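Undergrad: Encoded as structure tokens, here's the structure I'll be asking about.
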Amino acid sequence: MDSDSDAFSITASWVQMESSTVFYDYHDKSSLLCEKDIFFSNVSIIVLYSLVFLLSLVGNSLVLWVLVKYESLESLTNIFILNLCLSDMMFSCLLPVLISTQWNWFLGDFFCKIFNMIFCISLYSSIFFLTIMTIHRYLSVVSPISTLGIHTLRCRVLVTTSVWAASILSSIPDAIFHKVISSQCIYYEHHGHLASVYQHNIFFLLSMGIILFCYVQILRTLFRSRSRKRHRTVRLIFTIVVAYFLSWAPYNLTLFLKTGIIQQSCEGMRQLEIAMIICRNLAFSHCCFNPVLYVFVGVKFRRHLKSLLQQVWLCRKTSSAVPFPCSPGAFTYEGPSFY
């Protein structure tokens with residue numbers, strides 16, 4: 001995948017693109033404006049990634065806290081939500097590395113390979129967990145009897161382990177084809193880059209096709225059902241999937257166009273570079289979106305979070321007056337998932 005290479009060499013790519021057509025005159029106003037644009041682009045990326053990192057870390061930590069404290073981890077859907085949080089947190093923890101290595105990769109070949117492997121693991125695990133979560137919801141709504149035997153501990157461990165194992169195996173090629181060249185962590189062979197882009201796009205399109213089929217069948221079934229709880233559950237998962245698709249689809253399309261399979265003019269290539277920066281920033285910001293969606297769409301999660309924050313606030317207020325530690329009270333369990 002070209003994502004990491006693009007993230008590391010944003011400055012270099014802009015300078016190379018401009019210097020191929022223009023010889024800079026530092027007394028020329030257009031050259032100075034171009035330099036200011038490059039500087040503004042770098043500063044805006046640092047600010048954006050820093051905010052996304054903090055929001056993702058805080059938001060996903062709260063989701064994990066609510067899941068572990070108030071919810072049943074015997075629910076397969078809650079297990080999927082928990083793993084999505086871990087995947088988002090894994091991705092967000094890479095953002096400080098992107099910020100610090102924006103100009104030069106100084107961590108060596110080994111960490112270059114490890115970084116890109118972790119990057120791809122987080123991407124693939126998100127795709128796989130969203131797909132399996134949708135399939136599980138499809139079975140629960142369309143054929144409830146077929147899901148009776150899949151809530152055992154063995155099944156939960158098997159599904160989770162399989163998804164992470166598949167994500168790791170799918171990420172190995174990216175680790176192999178990356179190395180440090182001219183102080184940049186990039187693909188050292190073009191066919192490795194192409195294979196990575198095609199693989200990610202195939203996984204993405206295949207998962208979106210499966211999800212689309214599942215939701216068509218789910219909606220057909222729900223139109224004949226009056227269960228508000230079912231509607232609420234499907235609505236949250238559907239919102240998560242749509243947010244993921246809108247965040248990553250433009251980025252995947254831009255990556256595909258940058259492989260050169262479609263010939264572009266010089267102006268087209270310039271516009272594609274600008275589109276890549278915008279789409280990459282949107283895609284990389286996705287790791288902080290899900291907690292916000294849980295708050296606005298997940299009724300039960302919102303109630304849990306409000307209770308948790310109230311208890312923490314009360315504990316802080318009473319800790320100065322009461323010498324004993326304040327432990328949050330129990331919360332009434334309301335069902336198998338926090339929708």
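The values are calculated or read from the model by the stated rules, or taken from the named source; none is laboratory data. Since this is a predicted model, take the numbers as computed values, not measurements. Every residue, glycine among them, receives a Cβ derived from its backbone with ideal geometry; neighbour counts consider all protein chains shown.
Undergrad: Given the condition buried (at least 20 other Cβ atoms within 10 Å of the Cβ) and modelled with pLDDT of 90 or more, answer yes or no: does some residue in segment 185-194 qualify?
TA: No; the residues of segment 185-194 include none that is buried (at least 20 other Cβ atoms within 10 Å of the Cβ) and modelled with pLDDT of 90 or more.
Undergrad: Quick check, is S122 over 18 Å from the mean Cα position of the chain (by Cα), part of a helix (DSSP H, G or I), small (G, A, S) and within 28 Å of V180 (Cα to Cα)?
TA: no
Undergrad: Just the residues that are out of contact with any helix residue (DSSP H, G or I) (no Cβ under 9 Å at 6 or more places or on another chain) and free of Cβ contacts under 8 Å to residues at least 12 places away in the same chain, please, taken from segment 88-142.
TA: S100, F110
Undergrad: Then there is this: Determine which single condition L54 fails, assuming it passes every other condition in (1) part of a helix (DSSP H, G or I); (2) surrounded by fewer than 15 Cβ atoms within 10 Å (Cβ to Cβ); (3) hydrophobic (A, V, I, L, M, F, W, C); (4) modelled with pLDDT under 75.
TA: Among (1) part of a helix (DSSP H, G or I); (2) surrounded by fewer than 15 Cβ atoms within 10 Å (Cβ to Cβ); (3) hydrophobic (A, V, I, L, M, F, W, C); (4) modelled with pLDDT under 75, the lone unmet condition for L54 is (4).
Undergrad: Looking at segment 86-114, which of its residues are buried (at least 22 other Cβ atoms within 10 Å of the Cβ) and under 25 Å from V163 (Cβ atoms)?
TA: Passing the criteria: S87, D88, F91, S92, L95.
To keep it simple, each residue is scored yes or no on (1) hydrophobic (A, V, I, L, M, F, W, C); (2) closer than 30 Å to N78 by Cβ; (3) in a helix (DSSP H, G or I).
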position	(1), (2), (3)
T239	no, yes, yes
V242	yes, yes, yes
S247	no, yes, yes
P250	no, no, yes
L253	yes, no, yes
G268	no, no, yes
Q271	no, no, yes
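Undergrad: When you go through (1) in contact with a Ser or Thr (Cβ under 7 Å, 6 or more places away or on another chain); (2) at pLDDT 65 or above one by one for W248, which number turns out not to apply?
TA: (1)
Undergrad: Filter segment 57-75 down to residues that are surrounded by fewer than 18 Cβ atoms within 10 Å (Cβ to Cβ) and of a type in the set (A, V, I, L, M) and give me whichever is nearest to the chain's Cα centre (by Cα).
TA: Only one residue tops the list, namely L57.
Undergrad: Failed condition for D4, given (1) touching a strand residue (DSSP E or B) at 6+ places or on another chain (Cβ under 8 Å); (2) assigned to a helix (DSSP H, G or I); (3) modelled with pLDDT of 75 or more, with all others met?
TA: If we test D4 against (1) touching a strand residue (DSSP E or B) at 6+ places or on another chain (Cβ under 8 Å); (2) assigned to a helix (DSSP H, G or I); (3) modelled with pLDDT of 75 or more, just (3) comes out false.
Undergrad: Further, regarding this structure: Of the conditions (1) of a type outside the set (A, V, I, L, M); (2) within 30 Å of T152 (Cα to Cα); (3) at pLDDT 80 or above, K69 satisfies every one except a single condition; which number is it?
TA: Answer for K69: the failing condition is (3).
Undergrad: Output the residue which, of all residues in segment 146-164 that are in a helix (DSSP H, G or I) and either farther than 24 Å from S87 by Cβ or under 18 Å from the mean Cα position of the chain (by Cα) (or both), is modelled with the lowest pLDDT.
TA: S146
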